[in-house]
Protein chains: 6
Amino acid sequence: MNVVYRNTPRAAAATVDGLAAFGVATVHEAQGRTGLLAPSLRPIYAGARIAGSAVTVSVAPCDNWMIHVAVEQCSPGDILVVAPTSVSDAGYFGELLGSSLQARGVRGLIIDAGVRDVRDLTAIAFPVWSKCVSAQGTVKETLGSVNIPVVCGGGLVNPGDIVIADDDGVCIVPRREAEATLAKCTAREEKEATVRIRLKAGELGLDIYSMRERLAERGLVYRDAPPDA
Amino acid sequence: MNVVYRNTPRAAAATVDGLAAFGVATVHEAQGRTGLLAPSLRPIYAGARIAGSAVTVSVAPCDNWMIHVAVEQCSPGDILVVAPTSVSDAGYFGELLGSSLQARGVRGLIIDAGVRDVRDLTAIAFPVWSKCVSAQGTVKETLGSVNIPVVCGGGLVNPGDIVIADDDGVCIVPRREAEATLAKCTAREEKEATVRIRLKAGELGLDIYSMRERLAERGLVYRDAPPDA
Amino acid sequence: MNVVYRNTPRAAAATVDGLAAFGVATVHEAQGRTGLLAPSLRPIYAGARIAGSAVTVSVAPCDNWMIHVAVEQCSPGDILVVAPTSVSDAGYFGELLGSSLQARGVRGLIIDAGVRDVRDLTAIAFPVWSKCVSAQGTVKETLGSVNIPVVCGGGLVNPGDIVIADDDGVCIVPRREAEATLAKCTAREEKEATVRIRLKAGELGLDIYSMRERLAERGLVYRDAPPDA
Amino acid sequence: MNVVYRNTPRAAAATVDGLAAFGVATVHEAQGRTGLLAPSLRPIYAGARIAGSAVTVSVAPCDNWMIHVAVEQCSPGDILVVAPTSVSDAGYFGELLGSSLQARGVRGLIIDAGVRDVRDLTAIAFPVWSKCVSAQGTVKETLGSVNIPVVCGGGLVNPGDIVIADDDGVCIVPRREAEATLAKCTAREEKEATVRIRLKAGELGLDIYSMRERLAERGLVYRDAPPDA
Amino acid sequence: MNVVYRNTPRAAAATVDGLAAFGVATVHEAQGRTGLLAPSLRPIYAGARIAGSAVTVSVAPCDNWMIHVAVEQCSPGDILVVAPTSVSDAGYFGELLGSSLQARGVRGLIIDAGVRDVRDLTAIAFPVWSKCVSAQGTVKETLGSVNIPVVCGGGLVNPGDIVIADDDGVCIVPRREAEATLAKCTAREEKEATVRIRLKAGELGLDIYSMRERLAERGLVYRDAPPDA
Amino acid sequence: MNVVYRNTPRAAAATVDGLAAFGVATVHEAQGRTGLLAPSLRPIYAGARIAGSAVTVSVAPCDNWMIHVAVEQCSPGDILVVAPTSVSDAGYFGELLGSSLQARGVRGLIIDAGVRDVRDLTAIAFPVWSKCVSAQGTVKETLGSVNIPVVCGGGLVNPGDIVIADDDGVCIVPRREAEATLAKCTAREEKEATVRIRLKAGELGLDIYSMRERLAERGLVYRDAPPDA
């Protein structure tokens, strides 16, 4: 059965925005190296960094009808997450849909398929992470669902999950863990700031992280290279 | 037999330039969602949008001899379309060939293989859509043909066909359909202009395109999300 | 056995820097079309062109421990070359390691796997050529080796080999052949400068390279295209 | 946190075995074209057709420690489903583990990575569906989890879900829907039996399924091919 | 416009059957190393070798409606060639369609997408060359065309072309060149029979083909391996 | 410079044959999980298991000339290892070359490209491990080298190295380490034989390998699955 779920719960705006500030790599590490989607999802232009609440869309292959349906379910601060039910590299999304979502305050799109009009989407600064760029047209014949759990880029995304996306890719934070993850990000970042200063001053990670003893225990051997024959 | 066909017919310059203005996504839709080459063909730099008449080149794998032969057959406003007879990611084309083509008024290159000297080609603004960037050298040992039909990026390209290329990829318009396609592009763009204004004003595609009734007929169900447990 | 080789021989700095000036395509051609790594290794940002002495690192899959060990073995002018022992697209390297290497005068990283923090690495201008961008975290559990021969991007890299990298990819020059290759690059570039001027003036490569006779011998046929039906 | 869940609920044995008899294509269609894992998961030998209850294993990349842990959680009639947390094609599983599982009545393995000892596994008739065959060894250093939801082959698998696998691939049936799906399979198969007889007798699907009218409505045109020029 | 062309011309049955006897590698060589489709098209079972006249089908992605339409256009000795208009790995074809085609004397299927029911298709000995095996279901919503030129596996196939397929892949012979190609196959095979006898007797291809002189001219050097250090 | 090295040293026949008996997975483990070539190299038929001394061939892309040259350098017990200098999936090798090698006592072929005539090669029982099956023809225009180090399937192969190949893939043992590796294989196999008996009797690897304590130290938690809601 094809269903559109309305009024799915979202995390608090402050939590979502807090996560955006840390970016994908920090959030992924903070929540125990989980939640990262496949590296095949790449941004259409460099430099964007966003976070938002997932509105999920399950679409039939080469059919973008449900994206039009999903627009109505979007609120300011959301990010659309689109996954076809069969692998595809067609172009399900272009500038008109981007303008429509932008008018509703949506922050970006994650799609495990293709996108088009990338020049125009770049011009209006609507960021997209997609598997490819393709102008291949789609139809509007087969129903799908909105706000059901979907697998996108090899990862599970539930409606209302927090999506973080930047030049490093896309990471998903389960809604109920958003606040805890934000706290861990803050702690992690503080620790890294100190390490960064020491590294830039020329100290070695081997010493800062006290790795030498454990390497020796494991049996690492140091030798001089053979003399230049 | 290996043949170079000379003086292949081209479409009118005004028609070709008209198509360039619309870009790949619009042209592809206007001609009934046909003609798009594979999304694996990507531009070496962002922002170029060109159209031109195809001069086609069938080359032996890792052999760029026939590209040198093809240069002589090019006229101002042409685009070179190169397809190896066996899959390859070597670098068949670099800055010297780019300079040579540019001196003859050629607008760009489409190649189902690799290209090199991309920094220099970017500097002289000679746009290329290729399967990859590779410096792997090629030889000049085996003949091929110029201006025969080729399959490039999974699509058929006849000499004299119109090639449109931009950040969305590459689209082919059969020469005899160029004028009709141009007319359809104009019509399509006018329609989209109105829709764009309404979408930016916050109207929904669901309403603009009157989709709600057909969705209901197909059985789409709306439900409130379960309360937050 | 896991070993770290220290004090591997390097080529003279002037030779290394000379090769950087020519770039990947010229160096690859000058040494007989050898040494190019796979085109899957792409730069995280455009425009960088570097050369340096290879410090090689063989790492366990999804384990970046040995990169930390390798930092200590790096000298100014080096380039780190990292290859996992089993295929992987995790993110072994980020901004902290980049800062650490930069503090030691290292010029860049080649990695047959993923990299993360690309926005920050771009900001500090630390260039990386990698198979992909991925924030997927790695562990520090299994030993590897430093400065042993590794296969990276399908090519063999010995410690101390010269690595040249730019927008066209990555090329390896065996250390003992560095000076001879540099001489060949100079010769090649001089020859190309003359050809470039003639091509830009509209002369054809067919004539400059005297190809017409050999093409005819091989049986190339010229025909007029059939009249427009 | 890394957890092993014990005593997960399973579907009734009769239901599971009933699904096996129908095979992947029928089950996938019967449950509304859902549940199919990626076609990259292929059997190591032809002809096996199994169904069983999923015991899921989330493993670190190139680390098969948790498979050893999972064996203890398996009961007769189960199928092991293994997914690494980062993409990998190493060989996590071989004949010793196959013998161990077989001794516990496990029916087969689904793994989104590599398998080895395929000759021996074939000899003992332990069927495996894997992404590849690879002898690349793995370590036992990093924890994972058993019987948590995993994404395998692009699809979500919950512990206790029914796994159906044959030469067509792998399909997942949610445990609570197993009986309903079995009933739909029976109904579907009965209908197909009649159609099969008519098709073998030379009747056309166009007539059996009454497609001609709808094709005409959509505008399908029939023409004779142009005379042989 | 979507069209079904009826009564397309076919080559003589004796010519088609003659080509089947030679197989893909010989036919491909005999017609000047052209016509081979991509190696991604693999047989679902080993040992089949067929030739037949192409009935081509252009289908919408994940939509197999036009295959049902195409069945009616098939005659004994034909081979169905199916190409989606956008890349897809769904399963467009199964045992029911196979039985239907077999009832009409069709010899096999070439499809640039997925196939399912491979166990049943093998049992009834209906050979298929496909990009993958997948049970992923398709819809019947969008028209396509029958017996128009299609690009399948990277090669152009016209209706009525002769398709040869065996364990080496799939090769296309243009209809008008079928007889000439058959003659060249016979000549080639005769020549190879003599060579085969000499090679099996231990003679070297270097001598049979008189390669030594040309190798020396090109500069090939023979050296003894360095003594075992 | 293109060179053919003659009379490269080989390991003792007894050592080579001893390694064949153990197969790829055991040899790879015995030498510390090194030496395995990429899993993309697959056998053309199941069941073969061979070992032999490598005769290496570096060929130009889509050019099989040097394979003819290499035949003369082969002795009974050798295995030919072929690597193109640029990625390619053409068919460099067929039944005639197979018959020629078989007449010289060569045991099989490893090729990082395509092979053809697989039905005939299977019939004469000449085993091949290749990247793909393809009938795409090659030329004889460009020199390469015989018995130089090559990178094949992502691994380094020196002439005279021992090649082991079976259904699990291909593994390389450096010639000087062959005897030591054989001894380690024997030791490993003896240990596994005991484990196999205990596993088949139903004992758990967790107990046989005493893993429980270390798992607990790392923090693995066991819980009962939540009751069936």
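Quick notes on this one:
- For segment E:105-125, filtering for residues that are more than 10 Å from every other protein chain (Cβ to nearest Cβ) and in a helix (DSSP H, G or I) leaves 1.
- Looking across segment C:31-50 at every residue that is in a strand (DSSP E or B) and within 8 Å of chain B (Cβ to nearest Cβ), the one that is surrounded by the fewest Cβ atoms within 10 Å (Cβ to Cβ) is identified as C:42.
- Taking the conditions (1) among the hydroxyl-bearing types (Ser, Thr, Tyr); (2) surrounded by 24 or more Cβ atoms within 10 Å (Cβ to Cβ); (3) within 14 Å of chain E (Cβ to nearest Cβ) in turn, residue A:56 satisfies each one other than (3).
- The criterion of at least 1 residues that are buried (at least 22 other Cβ atoms within 10 Å of the Cβ) and within 13 Å of chain A (Cβ to nearest Cβ) is met by the following strands (runs of 3 or more DSSP E) wholly inside segment C:126-175: C:128-133.
- Meets criteria (part of a loop (DSSP other than H, G, I, E, B), away from chain F (no Cβ under 14 Å) and either in contact with a Leu (Cβ under 7 Å, 6 or more places away or on another chain) or over 22 Å from residue F:137 (Cβ atoms) (or both)) for residue E:8: yes
- Residue pairs whose Cβ atoms lie under 8 Å apart, sitting 6 or more positions apart in sequence or on different chains, and linking a residue in segment F:199-211 that is over 13 Å from residue D:96 (Cβ atoms) and within 7 Å of chain D (Cβ to nearest Cβ) to a partner that is assigned to a helix (DSSP H, G or I) and aromatic (Phe, Trp, Tyr), are F:211/D:65.
- Residue check, residue B:99 more than 14 Å from chain A (Cβ to nearest Cβ) and either in a loop (DSSP other than H, G, I, E, B) or over 16 Å from residue B:156 (Cα atoms) (or both): yes
- On the stretch given as segment A:176-198, residues that are charged (D, E, K, R) and facing chain C (nearest Cβ under 7 Å) total 2.
- Residues of segment F:194-229 satisfying the condition of being within 25 Å of residue D:142 (Cβ to Cβ), part of a loop (DSSP other than H, G, I, E, B) and out of contact with any strand residue (DSSP E or B) (no Cβ under 7 Å at 6 or more places or on another chain): F:203, F:204, F:209, F:210, F:211, F:219
- Reported count of residues in segment F:212-229, each being more than 7 Å from chain D (Cβ to nearest Cβ) and either within 30 Å of residue F:16 (Cα to Cα) or not hydrophobic (A, V, I, L, M, F, W, C) (or both), is 6.
- Segment C:215-225: number of residues that are loosely packed, with under 14 Cβ neighbours inside 10 Å and closer than 25 Å to residue B:98 by Cβ: 0
- Residue among A:128, A:118, A:173 that is within 16 Å of the chain's Cα centre (by Cα) and under 30 Å from residue B:37 (Cα atoms): A:128
Conditions tested, residue by residue: (1) in contact (Cβ under 8 Å) with a residue 24 or more places away in the chain; (2) within 26 Å of residue A:90 (Cβ to Cβ).
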residue: B:4; (1), (2): yes, no
residue: B:34; (1), (2): no, yes
residue: B:42; (1), (2): yes, yes
residue: B:46; (1), (2): yes, yes
residue: B:72; (1), (2): no, no
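- Of all positions in segment B:119-126, at least one carries a residue that is basic (Lys, Arg) and more than 20 Å from residue E:87 (Cβ to Cβ).
- Condition broken by residue A:89, with the remaining ones in (1) in contact with a Pro (Cβ under 9 Å, 6 or more places away or on another chain); (2) closer than 30 Å to residue A:26 by Cβ satisfied: (2)
- Among (1) touching a Lys or Arg at 6+ places or on another chain (Cβ under 7 Å); (2) under 21 Å from residue F:168 (Cα atoms); (3) touching a residue at least 40 places away in the same chain (Cβ under 8 Å), the one test that residue F:114 misses: (3)
- Residue in segment A:73-80 that is surrounded by 24 or more Cβ atoms within 10 Å (Cβ to Cβ), modelled with pLDDT of 95 or more and over 21 Å from residue B:208 (Cα atoms) present: yes
- Residue, modelled with the lowest pLDDT, within segment F:116-144, restricted to residues that are of a type in the set (A, V, I, L, M) and out of contact with any Leu (no Cβ under 7 Å at 6 or more places or on another chain): F:139
- Residues considered: D:85, D:34. Of these, the only one that is over 17 Å from residue D:165 (Cα atoms), modelled with pLDDT under 95 and hydroxyl-bearing (Ser, Thr, Tyr) is D:85.
- Residue in segment C:17-30 that is away from chain B (no Cβ under 14 Å) and at pLDDT 95 or above present: yes
- Per this entry, residue C:119 is not counted among residues that are surrounded by fewer than 24 Cβ atoms within 10 Å (Cβ to Cβ), over 24 Å from residue C:105 (Cβ atoms) and among the basic types (Lys, Arg).
The values are calculated or read from the model by the stated rules, or taken from the named source; none is laboratory data. As the structure is a computational prediction, the values presented were derived from the model and not from experiment. Using ideal geometry, Cβ is built from the backbone for each residue, glycine included, and neighbour counts are taken over all protein chains shown.
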